[in-house]
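**Q** Submitted below is the structure of interest, expressed as structure tokens.
Where a number appears in this text, it was derived from the coordinates with a stated rule and is not lab data. In this text the structure is predicted, and so the values were computed from the model without any measurement. Virtual Cβ from ideal backbone geometry, glycine too; neighbours counted across all protein chains shown.
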Amino acid sequence: MANSTVFSGVRVVWLGHSSMLLEADGMRVYIDPFVLPRGYPPADIILYSHGHTDHAVAAPSITTPRTVLMGNHCKLPVRVIDIGAKEKVGHVIIEAVHAYNIGKPFHPRDSGAGFLIRFRTATVYFAGDTDLIPEMAGFDCDIALLPIGGTYTMDAKEAAEAVARIKPKVAIPMHYNYLSDTRADPLAFKAAVDANPGNKCDVRILTP
């Protein structure tokens with residue numbers, strides 16, 4: 001298995017945990033660069049979903065004076081993007097959306113965000129640290145990056161239900177098997193998605 005995949009001109013690279021790199025139209029967007037192997041190219045945009053230390057980490061190796069830093073409740077010196085707000089950087093439009101736990105104490109409502117990242121040819125939904133929430137039914141995207149590790153977020157079964165609500169063309173699991181209490185089987189996620197006859201979603205499992 002590879003650590004990257006391409007859909008509709010957007011390259012998605014899973015660096016590990018919830019750390020992602022999106023590349024399209026000459027732009028590089030990193031999200032929550034807690035896991036950042038050596039040698040990765042500089043960022044045009046770095047997004048931070050919330051303030052936990054396994055997400056909001058400064059990344060000097062990919063940060064230049066031209067890099068736009070943006071986040072929600074991330075406790076770093078970045079441009080704040082509130083839930084529902086949209087920011088345009090070049091031709092990329094970024095919208096912060098809800099991400100929170102239901103019945104868990106780790107991520108209260110309005111303490112962090114997910115992102116809809118609109119490139120010219122496709123929209124990527126980065127769910128952030130979230131449970132299955134009602135707002136997902138209104139998220140329109142082509143590629144969904146969904147946590148499946150349980151404990152702090154959705155588990156594989158709940159993430160499959162999120163796919164049924166969001167109806168992306170491609171779903172990629174993340175936020176699992178990096179921290180010891182986020183153990184999950186991505187094949188179980190794929191099986192749960194495939195078991196729903198209404199889903200027409202291509203589950204792509206990446207390996208950091």
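**Q** Please identify the longest segment of the chain free of exposed trypsin sites (Lys or Arg not before Pro), where exposed means a DSSP state other than H, G, I, E or B and no more than 16 other Cβ atoms within 10 Å.
**A** With trypsin sites (Lys or Arg not before Pro) excluded where exposed in loops, the chain gives 121-168 as its longest stretch.
**Q** What is the distance in Å between the Cα centroid of segment 53-103 and that of segment 130-187?
**A** Centre-to-centre distance over Cα atoms comes out at 20 Å.
**Q** Now a separate question. Rounded to the nearest 10 degrees, what's the angle between the helix 156-166 long axis and the longest principal axis of the chain, both from Cα atoms, 0 to 90?
**A** With rounding to tens, the tilt is 80 degrees.
**Q** Using the Karplus curve 6.51 cos²θ - 1.76 cosθ + 1.60 with θ = phi - 60°, work out ³J(HN,Hα) for each residue of segment 51-65 in order, rounded to whole Hz, and write x for Gly and Pro.
**A** Result, ordered by residue: x, 5, 5, 8, 9, 8, 10, 4, 10, x, 5, 10, 9, 10, x Hz.
**Q** Please rank MET20, MET70, MET154, MET27, fewest neighbouring Cβ atoms within 10 Å first, as an exposure proxy.
**A** So the residues, fewest neighbours to most, are MET27, MET70, MET20, MET154.
**Q** How many percent of all Cα-Cα pairs in segment 122-181 sit more than 18 Å apart?
**A** Result: 24 percent of Cα pairs exceed 18 Å.
**Q** For percent of Cα pairs over 26 Å apart, the choices are [x] 39; [y] 24; [z] 35; which was calculated from the structure?
**A** [y]
**Q** Hey, another quick one. Along segment 33-48, what does the Karplus equation 6.51 cos²θ - 1.76 cosθ + 1.60 (θ = phi - 60°) give for ³J(HN,Hα), rounded to whole Hz, x for Gly and Pro?
**A** 3J(HN,Hα) across segment 33-48, in whole Hz: x, 5, 9, 9, x, 5, x, 7, x, x, 8, 7, 9, 10, 10, 10.
**Q** If you take every DSSP beta bridge whose two residues both sit in the chain, what share of them, in percent to the nearest 5, is antiparallel?
**A** Looking only at bridges with both residues in the chain, the antiparallel portion is about 60 percent.
**Q** Amide H of ASN101 versus every other amide H placed in the peptide plane: which residues, excluding those fewer than 5 positions away on the same chain, fall under 5 Å?
**A** HIS107, ARG109, ASP131
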